[in-house]
Amino acid sequence: MKRIGVLTSGGDAPGMNAAVRAVTRAALGKGYEVVGIQRGYNGLLNGETINLGARDVSNIIHHGGTMLYTARCKEFKDWEYVEKAKARCDELGLVGIVVIGGDGSFRGAADLSKAGVPCIGIPGTIDNDISCTDYTIGYDTAMNTAMEMVDKLRDTAMSHDRCSIVEVMGRNAGWIALNVGTAVGAMAIITQEVPYSIDDIIAKMEASKKDKKQHFIILVSEGVGNSEALAKEIEAKTGIESRATILGHVQRGGSPTVRDRVAASEMGYYAVNLLDQGIGNRVVAMRDNKIVDFDIKEALSMKKPFDENLYKIANEISF
Ligand code: ADP
Ligand code: F6P
């Protein structure tokens with residue numbers, strides 16, 4: 001019997017379950033057996049696997065998190081462990097593995113492909129920080145969660161005439177901050193991609209205050225951080241009471257949006273088609289709303305330009 005494996009790795013993201021479902025159902029439809037590998041590459045090394053039948057992936061499309069669990073596996077960076085994983089794949093009779101995760105997980109998938117196990121990566125991370133793809137599974141849900149949280153913070157900031165500084169996730173990329181900041185009409189968006197000046201932001205706040213603006217929202221990306229210190233600085237320099245809120249892991253949970261469920265379904269289906277053609281060492285990506293694929297190493301070397309135009313627009317319409 002031909003078998004395909006599927007695993008989730010790195011930080012979880014809403015929509016990973018929808019991707020697991022799509023991979024499973026697409027593979028079953030082509031006559032494969034499906035092996036769910038638990039806790040990322042750890043589960044592959046330790047033999048933590050479950051068989052996935054059609055009903056095992058019922059009722060998960062709308063759930064956040066990942067039914068396969070996820071983990072980070074430091075050992076996988078050593079070739080010795082990649083070879084152990086290859087031996088495990090041979091024992092399991094896997095013709096290939098679909099790896100749902102981020103750049104780190106794709107590096108592992110490239111190594112495992114090199115060792116002789118064809119792997120296909122599917123971009124799953126809330127950060128949208130994978131260069132080869134316009135979109136990563138989980139991004140839309142995370143942004144909507146963050147936007148709802150900021151809407152709630154606005155109620156209290158408005159009631160107290162305060163400045164609310166909100167830190168959103170994105171250690172290496174400011175995509176969530178940029179889009180959520182635009183969506184909530186933030187006074188300023190601070191990300192690692194664009195140089196900023198706190199004094200300029202303060203001057204903008206002062207000018208708006210003179211024009212009767214009474215409360216303020218500032219979005220800060222995790223990669224910039226220091227939101228508590230920023231709140232203190234703004235309060236000291238403007239006299240506007242300021243509070244920092246770090247949204248944190250709440251952004252990683254919750255039921256995936258339509259966009260995430262659809263992207264996960266399309267990408268999962270596409271990944272299985274590649275493996276079925278005997279193709280490995282590829283990453284599935286979305287480019288201009290089309291699903292395409294790239295060589296993993298090539299994908300990892302790509303650069304994604306930050307949307308400076310959106311950044312400019314957001315800034316120019318908030319005062
Ligand atoms: P993400 O996939 O979200 O970027 P990580 O960077 O934490 O998350 O990577 C997830 C896992 O992928 C790591 O715990 C490790 O098992 C594997 N991995 C990361 N980097 C490499 C690498 N250079 N070589 C092989 N495997 C890697
Ligand atoms: O990559 C997704 C992400 O949520 C980042 O935005 C964040 O920096 C990181 O994962 C947090 O990881 P952990 O789960 O280890 O706290």
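The values are calculated or read from the model by the stated rules, or taken from the named source; none is laboratory data. This structure is a prediction, so every number in the text was calculated from the model and none was measured. Ideal geometry is used to build each Cβ from the backbone, glycine not excepted, and the neighbour counts take in all protein chains shown. Ligands, DNA and RNA are stripped out before the accessible areas are found, and what is left, the full protein with its side chains, is counted by its heavy atoms. Shrake-Rupley method; radii C 1.70, N 1.55, O 1.52, S 1.80 Å.
Summary of packing: across the peptides 296-303, 98-105, 82-89, 217-224, the per-residue average of other C-beta atoms within 10 Å ranks them, highest first, as 98-105, 217-224, 82-89, 296-303.
Determine the share of the chain's accessible area contributed by carbon and sulfur atoms, expressed in whole percent, with a 1.4 angstrom probe. Carbon with sulfur: 49 percent of the solvent-accessible area. Probing with 1.4 Å while keeping every protein chain in the model, the per residue accessible area of the chain equals 44 Å². A simple count of charges around residue 83, restricted to other residues whose Cβ falls under 12 Å of its Cβ and scoring Lys, Arg +1 and Asp, Glu -1, yields -1. Excluding same-chain neighbours fewer than eight residues apart, the lysines reachable from residue 304 by a Cα-Cα span under 29 Å are 74, 77, 114, 290, 312. Residue-normalised convex hull volume from the C-alpha trace of segment 105-234: 107 Å³ per residue.
Can you give the FRET efficiency to the nearest 0.05 for residue 72 and residue 207, using r as the Cβ-Cβ distance and R₀ = 45 Å? List each step's numbers first, then the result.
Working: r = 46 Å, r/R0 = 1.02.
Efficiency computed from Cβ-Cβ geometry: 0.50.
The tail of the calculated P(r) for segment 217-319 beyond 19 Å holds 68 percent of all Cα-Cα pairs.
Using a simple spin-label model with pseudo-atoms 7 Å out from Cα toward Cβ, residue 262 and residue 183 lie 1.5 nm apart. The label point for residue 288 and the one for residue 306, both projected 7 Å from the Cα toward the Cβ, are 2.6 nm apart. A simple count of charges around residue 187, restricted to other residues whose Cβ falls under 13 Å of its Cβ and scoring Lys, Arg +1 and Asp, Glu -1, yields +1.
Averaging Cα coordinates gives a centre for segment 157-191 and one for segment 208-229; these two points are 7 Å apart. Spin-label model, residue 279 to residue 198: label points 7 Å out along the Cα-to-beta-carbon direction sit 5.0 nm apart.
Counting DSSP beta bridges with both partners in the chain, what percentage is antiparallel, nearest 5? Don't skip to the answer; put the middle values down first.
Numbers: 10 of 43 bridges.
The antiparallel proportion sits near 25 percent.
For segment 38-159, what value does the Rg/Rh ratio take when both radii are computed over Cα atoms and Rh is the Kirkwood radius, given to two decimals? Kindly include the intermediate steps, with their values, before the conclusion.
Details: Rg = 17.8 Å, Rh = 16.4 Å.
Taking Rh as the inverse mean 1/r over Cα pairs, Rg/Rh reads 1.09.
In this structure, residue 131 and residue 228 have a Cβ-Cβ separation that, at R0 = 45 Å, corresponds to a calculated FRET efficiency of about 0.90.
In Å, what Kirkwood hydrodynamic radius results for the chain from the alpha-carbon pair distances? If you can, show how the numbers build up before the last one.
Working: mean 1/r = 0.0488 Å⁻¹.
Over the chain, the inverse of the mean reciprocal pair distance is 20.5 Å.
Sequence-ordered 3J(HN,Hα) estimates for segment 54-62 from the Karplus curve with 6.51, -1.76 and 1.60 and θ = phi - 60° stand at 4, 6, 5, 10, 6, 6, 10, 4, 9 Hz, glycine and proline given as x.
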